[in-house]
Amino acid sequence: MKPSVYLETTIFGYLAMRTSGILRVAANQQVTLDWWENERQRYDLFVSRYVIDECSSGDPVAARERLVFLEGIPLLEVQHTADTLAENLLRDGLLPPKAAIDAYHISIAAIHGIEYLVTWNCRHIANPALRPQIETVCREMDCEPPVICTPQELLEINDVY
């Protein structure tokens, strides 16, 4: 059985966007594209309706370009327990109210037992300072949290094996 990966919205944004003139962003785009082209087949990929909704918003041309990458990726159901876990991630200011969708990405992945949550959102999701607290909240609800990482970190995991 392949390891499972929940792909958060930023991954599709990086895959579809024009090459950035900002070196760090361009490097992240290339890493994302390399992972997509060469590594994704090693994993069972999943998304949620929140990813579809976010990828569908904004400029219609850009939205179509993002949505192409979602074709064929299974959709995880949003369960009541995911609502509760997301609310718990938002309480006490762990994640700010504006990051409610980010809380849902984490909670859906955790509730479904997904092994990795891959994102470039390092402010609210792949933030090293928040990860231990996110993991604690998940475990308090008897959910094993996913390993939250960037595509670069997932590539490095593969280099270890």
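Overview of results
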read-out: In segment 124-156, the residues that are surrounded by fewer than 15 Cβ atoms within 10 Å (Cβ to Cβ), in a loop (DSSP other than H, G, I, E, B) and touching a residue at least 12 places away in the same chain (Cβ under 8 Å); value: Glu144
read-out: Given (1) of a type outside the set (Phe, Trp, Tyr); (2) within 22 Å of Asn28 (Cα to Cα); (3) without any contact (Cβ under 8 Å) to a residue 40 or more places away in the chain, number of the condition Arg91 does not satisfy; value: (2)
read-out: Selection from segment 5-29 of residues that are surrounded by fewer than 15 Cβ atoms within 10 Å (Cβ to Cβ) and either polar (S, T, N, Q) or within 11 Å of the chain's Cα centre (by Cα) (or both); value: Thr19, Ser20
read-out: Total residues in segment 83-105, condition under 15 Å from the mean Cα position of the chain (by Cα) and of a type outside the set (Phe, Trp, Tyr); value: 7
read-out: Near pairs, Cβ below 8 angstrom, 6+ apart or cross-chain, from segment 39-61 (free of Cβ contacts under 8 Å to residues at least 24 places away in the same chain) to any residue that is outside any loop (DSSP other than H, G, I, E, B) and surrounded by fewer than 17 Cβ atoms within 10 Å (Cβ to Cβ); value: Ile52/Leu67; Ile52/Leu75; Ser56/Ala63; Ser56/Leu67; Ser57/Ala63
read-out: Segment 14-36 - residue that is β-branched (Val, Ile, Thr) and modelled with pLDDT of 95 or more and, of those, farthest from Leu67 (Cα to Cα); value: Val31
read-out: Residue check, His105 over 19 Å from Trp35 (Cα atoms), touching a strand residue (DSSP E or B) at 6+ places or on another chain (Cβ under 7 Å), surrounded by 20 or more Cβ atoms within 10 Å (Cβ to Cβ) and in contact (Cβ under 8 Å) with a residue 24 or more places away in the chain; value: yes
read-out: Every residue from segment 108-123 that is more than 13 Å from Val5 (Cβ to Cβ) and surrounded by fewer than 15 Cβ atoms within 10 Å (Cβ to Cβ); value: Cys122, Arg123
read-out: Flag for Ser48 being within 19 Å of His124 (Cα to Cα), at pLDDT 95 or above and under 18 Å from the mean Cα position of the chain (by Cα); value: yes
read-out: Unique match (being assigned to a loop (DSSP other than H, G, I, E, B) and of a type in the set (Val, Ile, Thr)) among Val5, Val78; value: Val78
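The values are calculated or read from the model by the stated rules, or taken from the named source; none is laboratory data. Note that the structure is a prediction, hence the values are computed from the model and not measured. Here the Cβ is made from the backbone with ideal geometry for all residues, glycine too, and neighbour counts use every protein chain on show.
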